[in-house]
Amino acid sequence: MSKKRGLRYGVIGLGSMGKHHCRIISNIAGAHLAAISDIDKEQGQALAQQYQTQYFSDYNQMLEQV
């Protein structure tokens with residue numbers, strides 16, 4: 001993934017609220033959804049592809065790497 005300028009966000013947990021956070025962040029000018037994390041690998045990878053971001057199954061790794 002390319003490094004985009006602006007405020008970077010990460011979402012931990014992709015339940016109903018997490019999905020809304022991803023959608024809203026992706027529509028904010030100057031915001032960048034840098035990464036998402038969830039224990040459901042299939043759902044996480046699908047949302048990462050949809051929002052063109054990185055997926056992590058372990059939120060600790062996400063926080064360390066992004």
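Every read-out reported here was derived from the displayed coordinates using simple, explicitly stated rules and does not represent laboratory data. Since we're looking at a predicted model, the values are computed, not measured. So basically every Cβ, Gly included, is an ideal-geometry build from the backbone, and we count neighbours across all protein chains shown.
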Treat every Asp and Glu Cβ in the chain as -1 and every Lys and Arg Cβ as +1, leave all other atoms uncharged, and give the resulting dipole magnitude about the Cα centre to the nearest 20 debye.
400
Proximal charge balance of Gly44 [Cβ under 12 Å; K/R count +1, D/E count -1]:
-2
Please name whichever of Asn60, Ile24, Gly6 sits farthest to the positive end of the charge dipole of the chain, dipole taken about the Cα centre and charges placed at Cβ: Lys and Arg +1, Asp and Glu -1.
Gly6
Out of (i) 1.42; (ii) 1.11; (iii) 0.99, which label holds the value of Cα Rg over 2.2 N^0.38 Å that was computed here?
(iii)
